[in-house]
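A.B. asks: Sharing a structure below in structure tokens format, with a few things to ask.
The values are calculated or read from the model by the stated rules, or taken from the named source; none is laboratory data. Please read these numbers as outputs of a predicted model, since none were measured by experiment. Counting neighbours? That spans all protein chains shown, and the Cβs are built from the backbone with ideal geometry, glycine included.
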Amino acid sequence: MKLIKISATPLYWTATLQSRFQTHKKIPILLYHKITDVSEGIDAFWNVSPGLFSEQIEFLLENGFQVISLQSFYDTSQFKNNLPRSTVILTFDDGYANFYTNVYPVLCKYRLPATVFLTVQYTGTNSFYEWDRPLIAKKKEFEKEFRPLSWNQINEMKESGLITFGSHSMSHPHLGRLPDDKIVYELRESKRILEERLEQPILFFSYPGGSYAYGDVNKNTRRHLVECGYKLACTSRTGRNRISDDILSLKRIGISRHDDIPLFRAKLTGGCDWMGWAQFAFQKTFANVW
Ligand SMILES: [Zn+2]
């Protein structure tokens, strides 16, 4: 991590230079999970503190980035519209209640759009994700931070017009490891329930796990997505997207608690796009661990 931090500025300059010669614009879709001060737990790497999150948003606004919605990206891809030069998209996986407490007020303050992907079986319940349970068992005070969003919170945010909701499946499985009928259930049932609760079409999906190496994203899951009526889907593969890229397997840039402004800036400009390959090789090697 230290090495990447030190190389953040050279990565940024190299990427900036490279982008001068690129004819196609590449759009970063940022991937956040928990926005919390909790720095413990097996996935704490992905916990971004509310302070750092606000700093990142202020950086975007002060440096001329335009935060657009996934819907705008989708419309642009369909109608071949033009996007402003520095655009960025905000997405949040897993539907934690800390989005409502720590992110939504910041987005409201600056009127910025974002998409939250909900795992329906957890939404509106007091259940915790499997990976959060060991820490919660030790420290009950973290329950509040790791709870899923309630339907009331979701409906309130939907009414604001800023927040879009998508499906992150019913139970957060690695889809590629399921038989076809279970994949269809995860896709169709989550869509049905969300549409009923939110009274609007649910067209966007985020693959749980989102990895090619683990088989979460493959031709079969993609085919089922189309058949179930999804129009756009996000993976966890690191990288930015051209407007002409496959709309059902978009890359994203995972934001971690170590992403201070120099590293954040490098990621936005493509300085860390190479990580997609490193990530694939790592996951392929340790595929059986998760
Ligand atoms: Zn997830």
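A.B. asks: In region 156-169, which residues are without any contact (Cβ under 8 Å) to a residue 40 or more places away in the chain and not in a helix (DSSP H, G or I)?
C.D. replies: Correct list: 161 only.
A.B. asks: If residue 127 passes every condition in (1) within 16 Å of the ligand (Cβ to nearest atom); (2) more than 18 Å from residue 163 (Cβ to Cβ); (3) not in a loop (DSSP other than H, G, I, E, B) but one, which one does it miss?
C.D. replies: Here residue 127 meets the rest and fails (3).
A.B. asks: Out of the residues in region 177-221 that are at pLDDT 95 or above and of a type in the set (Asp, Glu), which is farthest from the ligand (Cβ to nearest atom)?
C.D. replies: Taking the candidates together, the pick is 199.
A.B. asks: For residue 94, only one of the following conditions fails: (1) more than 16 Å from the ligand (Cβ to nearest atom); (2) closer than 22 Å to residue 170 by Cβ. What is its number?
C.D. replies: Of the numbered conditions (1) more than 16 Å from the ligand (Cβ to nearest atom); (2) closer than 22 Å to residue 170 by Cβ, the odd one out for residue 94 is (1).
A.B. asks: So which pairs qualify, if the first residue must be in region 209-225 and on the phi < 0 side of the Ramachandran plot, the second must be within 12 Å of the ligand (Cβ to nearest atom) and part of a helix (DSSP H, G or I), the Cβ gap must be under 7 Å, and the two must be at least 6 apart or on different chains?
C.D. replies: So the pair list comes out as 216/175; 221/175.
A.B. asks: Cβ-Cβ below 7 Å, separation at least six or inter-chain, first residue in region 255-275 and free of Cβ contacts under 8 Å to residues at least 40 places away in the same chain and within 20 Å of residue 33 (Cα to Cα), second of a type outside the set (Gly, Ala, Ser) and not in a loop (DSSP other than H, G, I, E, B): which pairs?
C.D. replies: The qualifying pairs are 275/238.
A.B. asks: Shifting gears a bit: Evaluate region 52-64: report whether one residue or more is within 21 Å of residue 168 (Cβ to Cβ), surrounded by 14 or more Cβ atoms within 10 Å (Cβ to Cβ) and small (Gly, Ala, Ser). Spell out the reasoning first.
C.D. replies: Taking region 52-64 and keeping what is within 21 Å of residue 168 (Cβ to Cβ), we get 53.
Retained after the next criterion (residues that are surrounded by 14 or more Cβ atoms within 10 Å (Cβ to Cβ)): 53.
Next, only the ones that are small (Gly, Ala, Ser) stay: none.
No, region 52-64 contains no residue that is within 21 Å of residue 168 (Cβ to Cβ), surrounded by 14 or more Cβ atoms within 10 Å (Cβ to Cβ) and small (Gly, Ala, Ser).
A.B. asks: Checking residue 122 against (1) within 16 Å of the ligand (Cβ to nearest atom); (2) surrounded by fewer than 19 Cβ atoms within 10 Å (Cβ to Cβ); (3) part of a loop (DSSP other than H, G, I, E, B), only one condition comes out false. Which one?
C.D. replies: (2)
A.B. asks: Restricting to region 201-257, name every residue that is part of a loop (DSSP other than H, G, I, E, B), hydroxyl-bearing (Ser, Thr, Tyr) and touching an Asp or Glu at 6+ places or on another chain (Cβ under 9 Å).
C.D. replies: Of all residues in region 201-257, those part of a loop (DSSP other than H, G, I, E, B) come to 201-203, 207-218, 228-231, 239-240, 242-249, 255-257.
Now narrow it down to the ones that are hydroxyl-bearing (Ser, Thr, Tyr): 207, 211-212, 214, 230, 244, 249, 256.
Scanning region 201-257 gives a single hit, 207.
A.B. asks: From the residues in region 125-153 that are touching a helix residue (DSSP H, G or I) at 6+ places or on another chain (Cβ under 7 Å) and of a type outside the set (A, V, I, L, M, F, W, C), which one is surrounded by the fewest Cβ atoms within 10 Å (Cβ to Cβ)? Step through it out loud before you land on a result.
C.D. replies: First, pick out the residues of region 125-153 that are touching a helix residue (DSSP H, G or I) at 6+ places or on another chain (Cβ under 7 Å): 128, 132, 135-136, 142-143, 145-146, 149, 151, 153.
Now narrow it down to the ones that are of a type outside the set (A, V, I, L, M, F, W, C): 132, 143, 145, 153.
Working: 132: 22, 143: 12, 145: 21, 153: 19.
Only one residue fits best here, namely 143.
A.B. asks: Looking at residue 241 and the list (1) within 16 Å of the ligand (Cβ to nearest atom); (2) in contact (Cβ under 8 Å) with a residue 40 or more places away in the chain; (3) crowded, with 21+ Cβ neighbours inside 10 Å, which single condition is not satisfied?
C.D. replies: All conditions are met except number (1).
A.B. asks: Moving to a separate point now. Which of the numbered conditions does residue 136 fail, given that it passes all the others? Conditions: (1) away from the ligand (no atom under 15 Å from the Cβ); (2) touching a Lys or Arg at 6+ places or on another chain (Cβ under 9 Å); (3) within 20 Å of residue 46 (Cβ to Cβ).
C.D. replies: Among (1) away from the ligand (no atom under 15 Å from the Cβ); (2) touching a Lys or Arg at 6+ places or on another chain (Cβ under 9 Å); (3) within 20 Å of residue 46 (Cβ to Cβ), the lone unmet condition for residue 136 is (2).
A.B. asks: Report yes if residue 162 is more than 15 Å from the ligand (Cβ to nearest atom), touching a Pro at 6+ places or on another chain (Cβ under 6 Å) and at pLDDT 95 or above, otherwise no.
C.D. replies: Criteria met by residue 162.
A.B. asks: Residues that are in contact with a Phe, Trp or Tyr (Cβ under 7 Å, 6 or more places away or on another chain), modelled with pLDDT of 90 or more and within 22 Å of residue 250 (Cβ to Cβ): list the helices (runs of 4 or more DSSP H) wholly contained in region 1-105 that include at least 1 such residues.
C.D. replies: Details: elements: 2-6, 8-20, 50-62, 70-79.
By residue number, 50-62, 70-79.
A.B. asks: Can you pull out the residues in region 170-188 that are of a type in the set (A, V, I, L, M), in contact with a Pro (Cβ under 9 Å, 6 or more places away or on another chain) and not in a helix (DSSP H, G or I)?
C.D. replies: Within region 170-188, none qualify.
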